[in-house]
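Okay, so here's the structure we're looking at.
Values quoted throughout were computed directly from the atomic coordinates according to the rules given, and no laboratory measurement underlies them. Since the model is a prediction, treat every value here as computed from it, not as a measurement. Note that we place each Cβ from the backbone using ideal geometry, even for glycine, and neighbour counts take in every protein chain shown.
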There are 2 protein chains.
Amino acid sequence: MNPTPYDVDLDRTPANHQPLTPIVFLERAARVFPERTAVIHGALRRDYRSFWERSKQLGSALQRRGIGRGDTVAVMLANTPAMLECHYGVPMAGAVLNALNTRLDAAVLAHCLDHGEARVLIVDREFSPVMRQALALAAAKPLVVDYDDALAPSRGEAIGALDYEALLAEGDEDFAWRPPADEWDAITLNYTSGTTGNPKGVVYHHRGAYLTAVGNVLSAAMGRHPVYLWTLPMFHCNGWCFPWTISILGGTHVCLRQVRAPAMYEAIAAHQVTHLCGAPIVMSTLINAPAEDKRPFDHAVSFMTAAAPPPEVVLAGMKAAGFGVTHLYGLTETYGPAVVNEWQGAWDALDAAGQAAKKARQGVNYVPLEAVDVLDPATMRPVPADGETLGEVMFRGNIVMKGYLKNPEATRQALAGGWFHSGDLGVKHPDGYIQLKDRSKDIIISGGENISSIEVEEALYKHPAVQAAGVVARADETWGETPCAFVELKPGASATAQELIDWCRQNLARYKVPRHVVFAEIPKTSTGKIQKFRLRDMAKAL
Amino acid sequence: MNPTPYDVDLDRTPANHQPLTPIVFLERAARVFPERTAVIHGALRRDYRSFWERSKQLGSALQRRGIGRGDTVAVMLANTPAMLECHYGVPMAGAVLNALNTRLDAAVLAHCLDHGEARVLIVDREFSPVMRQALALAAAKPLVVDYDDALAPSRGEAIGALDYEALLAEGDEDFAWRPPADEWDAITLNYTSGTTGNPKGVVYHHRGAYLTAVGNVLSAAMGRHPVYLWTLPMFHCNGWCFPWTISILGGTHVCLRQVRAPAMYEAIAAHQVTHLCGAPIVMSTLINAPAEDKRPFDHAVSFMTAAAPPPEVVLAGMKAAGFGVTHLYGLTETYGPAVVNEWQGAWDALDAAGQAAKKARQGVNYVPLEAVDVLDPATMRPVPADGETLGEVMFRGNIVMKGYLKNPEATRQALAGGWFHSGDLGVKHPDGYIQLKDRSKDIIISGGENISSIEVEEALYKHPAVQAAGVVARADETWGETPCAFVELKPGASATAQELIDWCRQNLARYKVPRHVVFAEIPKTSTGKIQKFRLRDMAKAL
């Protein structure tokens, strides 16, 4: 490339270039809105000045303990003020935050600590029993720090070398933090929930975290000073990057340790919550709560959901309850949400079923994601936009992960051909909106025909008695596989297996109708995703 | 720096890294909202599909004409659909858009064409007479393209090799454009309005344009589908990057060739305009319009103003007329707005004068600007945040220009010490908000005391008869300099020089009171800034 006049004497300097990092969002909020409430946790209120100073203390204390660039700081924390502080303090020290899934067992936790080479581990005392076991199993010997939250439902004994507040006290609230030298530097490590085998470590960088945080504002059309309720676990894709998003707008975080209806309604009414996120199961919890657990509210509340398409009855229930619902989609590998069901004004004219059908589609790329498409993985060509042809959903752009930590082969495969391969199967509609049909490993192949487990679940969800449904393949001598449905009924509702099979016959092609319907509690991940691998085991054992 | 595990096998790939460019905003809007109205110009309506296809045709046609990376495409255009298309089509070809100030004279235009090495020049036929002269003076021999707009107030003869529509017809609406190889690549060239000597060529890059465009959304708290009225010239800092901002939200551009009250009110009422930008003079035009030029509207309209602090009476008038006003500040070197007067909820309780005093302050950094501060240029230390100590306003971050084209010495000086030196003098208040006091060259030094010309102008603006005021230094044998005021009165209002001097005595320290008050039309730039260098000439000639 020949240099042009625009390439000469016009270089990057400290005056006109700085690596992107979401840390600046909190720095700015603390300067502009020092006295605004940043964090609410039970009776606790922290303003932006305090949130920022405590984060700096944490960053400073970590550096004084010898933690620096590329060191891993693992945390086993609920949605608490400390978890928010870690999202700023840890990267401020140059280190990488590894927020562990608090539902994991000791063996998997030990694997994460070892694989991530954790040098510090901050543990909420609710989780000290399992973490004590994990540490006994792990080769890693991190500095262990206890976090003692008065609102924890149970508090195990201290297992650390010091308490979180004592660690902070070692740090300087005037810490002269510096942005990373390179915006490609890692900011967090997130282990995939991993349905089989050991989880993979997804690495995020400062640039992607900055852009996703901004993308949330753009896609949610959030105004100034939102009040955000933490129904989504922050260990899940760093809470879809909302710990950083809220600072952009000088908003308020309302912490929540447990996703229960009374506490959610209480927070919504008391703090005028404007936004919250979660899987459809959280919406079901809200709308199916007994009347005495509900609290009235008359302001606009926006619920951003992902992990599964919101069923029509849930959307209708949410609308009646006063919530607006936005459907998002993404994976751990895409910083959480990277696709949004952009609502079209013309759809307002549709009936409830028509609107739900539109909203069930995953949609279009987030502003900071350059592209999402459905490709034939063999040819890497887009499938026709016919709403029928199945392909693999793939992502490309600045909010795709750096890769998997210490796993070059998995990284190479995941990012092959210039696209991130999601493993999700979907179609592209004529208007360009994508719609998931299934995980490639969840598809049911019956008599040579592909059956989308999601489609069968959708049919079941439409039955008035069904609260939750999960459909998996069951081996069959004649057909190869047939659909097997696991169902939870609503409290007080009743239905027989035959009734549900008849229902499906009226709503699905014959070959898609489940051969077996089992009433059972459906195993879910901490984020509300149905654990299909467990259902497959259950189906096998029938 | 020793590599850590996070630095190994986690490189940038086409799947997870793409240079930032604002072109993607239009690409996405055209895909997601193809049928939404993107552009209104008189009776013309263009949807996003058409806006995108025409932009691609332009990019393709330019490439077929041999225009590529680092080539300059100059345009002499009013706020028209073609001007919007150029903001996408030109960078799509890899080229650099140089939007010329349509008020410039032939000699300065010739300088810009030569200095910028324009290879293509697109000229609205309103401006063909002056451009014919400029081309006769210039050494550069660009391909000249005529743009023939039916709404132009006058149309000179064609001076080009072909018409704009003919150029587009040479291009491919399916043009396979590519983002720049490097987001640091130049996207536009903007000549400073230049009060003396030849203007400097400020170079913007794709990264900064992307981030400023996003910053506008964040600072204006713009919702989905805004309707944006083009009262700000697009040749001015690329219309503060709003040609790109509006695409992010799938909004509508309402073009406007001339900033006159009837057309503005007509557009606001007819198209439900939600946002517009301009200098305080545009606000004065709106509120001082005769009743027959006004049109009622009952929706929220947000006016973003910059270039001078909005006077209290103007703010009161805007509020009464139904406009919300946000005060922004920036320079050509900072992509236009880079500082925003973030409104604090507590200020709602102040009276009108108190609110105006708060709103007159320039404020705090835009989200994508990492810092703005007031420094002592000798020591490069921040001045005390006392609201009193004068220093130079300086900027640092990703929305500071690459530098001045072919002017390494000016670039080096402007970006010395890790900050962009604005040349504006200001103070920092205890709450961190900055406030301009003057351009360093506009300060009046009288008997050894510094007098801020802005402060004297503010006092004059408060007089009920004053429509506009400009204050400059006039040489004085005794005092060195004394303030000399030029004043325009409101239509129908009257006041004598002595009355205004007496008014100032009541509102200013004695030494700041103008010795001379002259009633005259005040020369302004095309963007409404008072041309102090001309006032100084007029003062000298008194």
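Scanning residues 5 or more positions from B:Gly403 or on other chains, those with amide H under 5 Å from its amide H are B:Val203, with H placed 1.01 Å from N in the peptide plane. Per residue of chain B, the DSSP helices (runs of n ≥ 4 H) give a summed -39500 (n - 2.57) that works out to -9000 deg cm²/dmol at 222 nm. Relative contact order, whole percent, for the range B:443-541 stands at 28, derived from Cα pairs under 8 Å and 6 or more residues apart. Closest approach of a chain A beta carbon to the axis mapping chain A onto chain B (residue, whole Å): A:Val214, 3.
Between copies, the label points at B:Ala221 (set 7 angstrom from Cα along Cα-to-Cβ) are spaced 1.5 nm, reported in nanometres from shortest to longest. Between B:Lys441 and A:Arg381, the modelled label-to-label distance comes to 6.2 nm, taking each label 7 Å out from Cα in the direction of the beta carbon. Note on the range B:200-249: Rg/Rh from Cα positions, Kirkwood definition for Rh, rounded to two decimals, is 0.97.
Taken along its principal axes, the alpha carbon cloud of chain B reaches lengths of 67, 66, 50 Å, longest axis first.
All alpha carbon pair distances within the range B:443-541 were sorted into 10 Å bins beginning at 0; the resulting P(r) in whole percents reads 17, 52, 28, 3. For A:Met304, the residues whose amide H sits under 5 Å from its own are A:Leu276, A:Cys277, A:Gly278, A:Thr326, ignoring neighbours fewer than 5 places away on the same chain, with H placed 1.01 Å from N. The angle between the Cα long axis of helix B:532-541 and the main principal axis of chain B comes to about 40°, on a 0 to 90 degree scale. The convex hull built on the alpha-carbon positions of the range A:303-359 has an orientation-averaged projected area of 3.9 nm². Our Cα-only numbers for the range B:285-324 put the radius of gyration and Dmax at 10.6, 29 Å.
Computed 3J(HN,Hα) for the range A:267-284, one whole-Hz value per residue from the Karplus formula 6.51 cos²θ - 1.76 cosθ + 1.60 where θ = phi - 60°, is 5, 4, 6, 6, 10, 6, 4, 9, 9, 8, 10, x, 6, x, 4, 5, 5, 4, glycine and proline marked x. Per-residue 3J(HN,Hα) values for the range A:337-347, derived from phi via the Karplus relation 6.51 cos²θ - 1.76 cosθ + 1.60 with θ = phi - 60°, read x, 9, 9, 9, 6, 5, 6, 9, x, 5, 6 Hz in sequence order (x marks Gly and Pro). By the beta-carbon count within 10 Å of each Cβ, the least crowded to most crowded order of B:Tyr366, A:Tyr404, fewest first, is A:Tyr404, B:Tyr366.
Over the protein assembly as shown, the reciprocal of the mean inverse Cα-Cα separation, the Kirkwood hydrodynamic radius, stands at 31.2 Å.
Once the mean of 1/r is taken over each pair of separate Cα atoms and inverted, the range A:1-102 shows a Kirkwood hydrodynamic radius of 15.7 Å. Near B:Asp47: Cβ cut-off under 15 Å, other residues only, Lys/Arg at +1 and Asp/Glu at -1. The net charge is +2.
In square nanometres, what is one fourth of the surface area of the convex hull spanned by the alpha carbons of the range A:32-89?
If you wrap the Cα atoms of the range A:32-89 in a convex hull and average its projections, you get 4.6 nm².
Pick out, in residue order, every one of the GluC sites (Glu not before Pro) in the range A:433-495 that is DSSP loop and has at most 16 other C-beta atoms within 10 Å; say none if there are none.
A:Glu477
Here the residues B:Ser284, B:Ser154, ranked from fewest to most Cβ neighbours within 10 Å of their Cβ, fall in the order B:Ser154, B:Ser284.
Out of every Cα-Cα pair that the range A:233-304 contains, those further apart than 19 angstrom amount to 33 percent. Please report the base-10 log of the normalised intensity I(q)/I(0) for the range A:259-439, using a Debye sum with one equal scatterer per alpha carbon and no solvent, at each q in 0.09, 0.13, 0.18 (1/Å). Log-scaled intensity ratios, in q order: -0.37, -0.72, -1.13.
Taking a point 7 Å out from the Cα of A:Glu449 in the direction of its Cβ, the residues of the range A:505-541 whose backbone N falls within less than 14 Å of it are A:505-515. Mean sequence separation of contacting Cα pairs (under 8 Å, at least six apart), scaled by the length of the range A:259-439, corresponds to a relative contact order of 16 percent. What is the Cα centroid distance between the range B:31-96 and the range A:49-63, reported in whole angstrom? The distance from the Cα centre of the range B:31-96 to that of the range A:49-63 comes to 48 Å. Comparing Cα centroids, the range A:501-542 and the range A:391-431 end up 28 angstrom apart. Sorted fewest first by neighbouring Cβ atoms within 10 angstrom, B:Lys402, A:Lys200, A:Lys141 come out as A:Lys141, A:Lys200, B:Lys402. Under the criterion of Cα pairs below 8 Å and six or more residues apart, the relative contact order for chain B equals 10 percent.
Amide H to amide H, with H built 1.01 Å from N, B:Ala15 comes under 5 Å of A:Gly418, counting only residues 5 or more places away or on other chains. In order along the range B:79-92, phi translates into HN-Hα couplings of 6, 10, x, 4, 4, 5, 4, 5, 5, 10, x, 5, x, 4 Hz, rounded to whole numbers, per the Karplus curve 6.51 cos²θ - 1.76 cosθ + 1.60 with θ = phi - 60° and x for Gly and Pro.
Rg over Rh for the range B:48-205 works out to 0.95, both radii taken from alpha-carbon positions and Rh defined as the Kirkwood radius. As a calculated quantity, the FRET efficiency between A:Lys319 and B:Glu170 at R0 = 45 Å, using C-beta atoms, amounts to about 0.30.
All other residues whose Cβ lies under 13 angstrom from that of A:Arg510 are scored, Lys and Arg at +1 and Asp and Glu at -1, for a net of +1. Counting only DSSP beta bridges with both residues in chain B, the antiparallel share comes to about 55 percent. Normalised by residue count, the range A:359-438 yields a Cα convex hull volume of 96 Å³ per residue.
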